[in-house]
Amino acid sequence: MARAPQRDLTEGPIGRTLLLFALPTLASSVLQSLNGSINAIWIGQFLGERALAATTNANIIMFLLVAAVFGFGMAATILIGQNMGRRDMDAVRRVLGTSVGLFALLSLATTGVGWLAAPAILRLLATPAEVYPLALAYLRVIFVAMPPGFLSVLLTMALRGTGDSITPLKFMALAALLDVALNPLLIRGLGPVPALGIAGSALATLLANGVSLLALLAFIYRRDLPIRLRGAELRYVLPDPALLRTIVVKGVPIGLQMLVVSGSALAMVGLVNRHGTATTAAYGAANQLWTYVQMPAMAVGAAVSAMAAQNIGAGRWDRVGRITRVGILTNVALTGALVALLAVLDRPLLGLFLGQDGGAIEIAARINLIAGWSFVLFGVSMVLSATVRANGAVVGPLLILAVAMFPLRLGIAAGLAPRWGADAIWWSFPAGSIGSMLLMIGYHAHGGWRRIGLPVAPHEAGEKALAGCEPTAKSMPLG
């Protein structure tokens, strides 16, 4: 069958191309969140609060694992995007092959070590005794679900690097629908299907991941998409040392960014808990809404990263600057619209999580009033970070994020608490967002990230030093 058309991100109107790329990515994020929320409802309704607490403990571990793998996947995506911009299909497949080999090894190691170490991990998290057996049963099956899950993440990110954000959405939807449908069936049982309890929920995830991965692979080969490997290309799954080094060196700082955010979030919860149950509940409800408010910026950032990488690979530096500007304006429009909608509908939406607790709803409404708008500014930082990361500059954004999250945001939240009370926590969000945005603007303008390139032809690069490598033979503006 003829190859499905790939979106050329180096040509055409930037605004329309960016929006058409970002919207499917946004839809994928919404599907993931809805999938998790619906599954939590199934578990809570069928198995009770102990089972729900068990999945919460297990999901903390899963987040840390996904954060580490996400960094390697993003590094591979950047390389694939740059090589797509150069129209070097062999280099695209070499990057994919090395990434598949790396992910396969990581997945198998994670499954084996995770199965054996699950009891120790749960004890380290101080999992309550009454929750421990349920958490162990759930976590062990989830570890088995990691290989198809990791490989699906890699393939969807690689497809976005080639300019295709539609195919990932289709198979994300397939996995989500299967997971949601299988959860009640395997938890409660039906006919010949036994009731598996909480292990059934994890098994549903395993089956959904596996079926979605097989279907995605069949689609890739049937449509002869750029990331398929055939014949002699199959040997590319044996990791190339130079490519592997690039993916690891660039991937680790990207993964650490997710860990910085999660670490800051955990520390913030500790500060919030000091102000009582109502405040903690209000903050939790506000966070539920913020999950969706942040999605447009994440989708736009992914689109900017893919577009910038391809244009850097093609030597189209004139378009890179315009992509960044359009990305910032798109983020402001989309995130700003959601923030405005939240300001109008905050109390009814918060009531979905807080019921008739008027006191908690008022606290949550104040949190949104003070902190909600700051996600527009944080989205600007995400777009700028996506641009510089597309040329292999990953340490600068990591350091800026760490400064914004810890000494700035947490410093203000803790330092002003004696005078401002809980309001110090809420005002720390705008402070952190403003700081992050200003630092990223400065780094984008003067940080020298244009000189931090990736190898021109990774399969020929050998052990050539990364620093100073231009992404194309063309000179780059350094202003």
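Read the figures in this text as sums done on the coordinates, not as results from a lab. Bear in mind that the values here come from a model prediction, so they are computed numbers and not experimental data. Cβ coordinates were reconstructed from backbone atoms using ideal geometry, including for glycine residues, and neighbour counts include every protein chain displayed.
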Can you give the alpha-carbon Rg of segment 84-186 over 2.2 N^0.38 Å, where N counts its residues? 1.38
Taking the chain and counting helices only, DSSP H stretches of n ≥ 4 at -39,500 (n - 2.57) each over all residues, the nearest-500 ellipticity at 222 nm comes to -26500 deg cm²/dmol
Would you mind calculating the relative contact order of the chain from Cα pairs under 8 angstrom and at least 6 residues apart, reporting the percent as a whole number? 21
Burial-style ranking of 391-404, 34-47, average other-beta-carbon count within 10 Å with highest first, yields 391-404, 34-47
Over segment 256-373, relative contact order from alpha-carbon pairs under 8 Å, at least 6 apart, %: 34
What value in Å³ per residue do you get for the convex hull of the alpha-carbon atoms in the chain? 151
In units of 2.2 N^0.38 Å, what is the alpha-carbon radius of gyration of segment 341-447? 1.26
Any chance you could check the Cα centroid distance between segment 267-329 and segment 101-120 for me, in angstrom? 30
Taking Lys and Arg as +1 and Asp and Glu as -1, residues besides residue 77 with C-beta under 12 Å from its C-beta add up to +2
Rounded to the nearest whole number, the Stokes-Einstein translational diffusion coefficient of segment 159-218 at 25 °C and 0.890 mPa s (Kirkwood radius, C-alpha pairs) in µm²/s is 200
Over segment 1-155, one equal point on each Cα, no solvent: what is log10 I(q)/I(0) by the Debye formula at q = 0.20 Å⁻¹? -1.29
Could you calculate, for segment 228-341, the ratio of the Cα radius of gyration to the Kirkwood radius, expressed as Rg to Rh? 1.12
So between residue 329 and residue 446, what do we pick up on full extension, going 0.36 nm a residue minus the alpha carbon distance? 40.0 nm
In whole angstrom, how far apart do the alpha carbon centroids of segment 16-73 and segment 362-434 sit? 22
A chain fully extended from residue 185 to residue 238 at 0.36 nm per residue, minus the present Cα-Cα distance, gains in nm 15.1 nm
Shape box of segment 332-395 [Cα atoms, principal axes, largest first, Å]: 50, 23, 18
Which order do the peptides 142-151, 415-424, 241-250 come out in when sorted by mean C-beta neighbours inside 10 angstrom, highest first? 142-151, 241-250, 415-424
Please sort 311-320, 77-86 by packing, taking for each peptide the average over its residues of neighbouring beta carbons within 10 angstrom, highest first. 77-86, 311-320
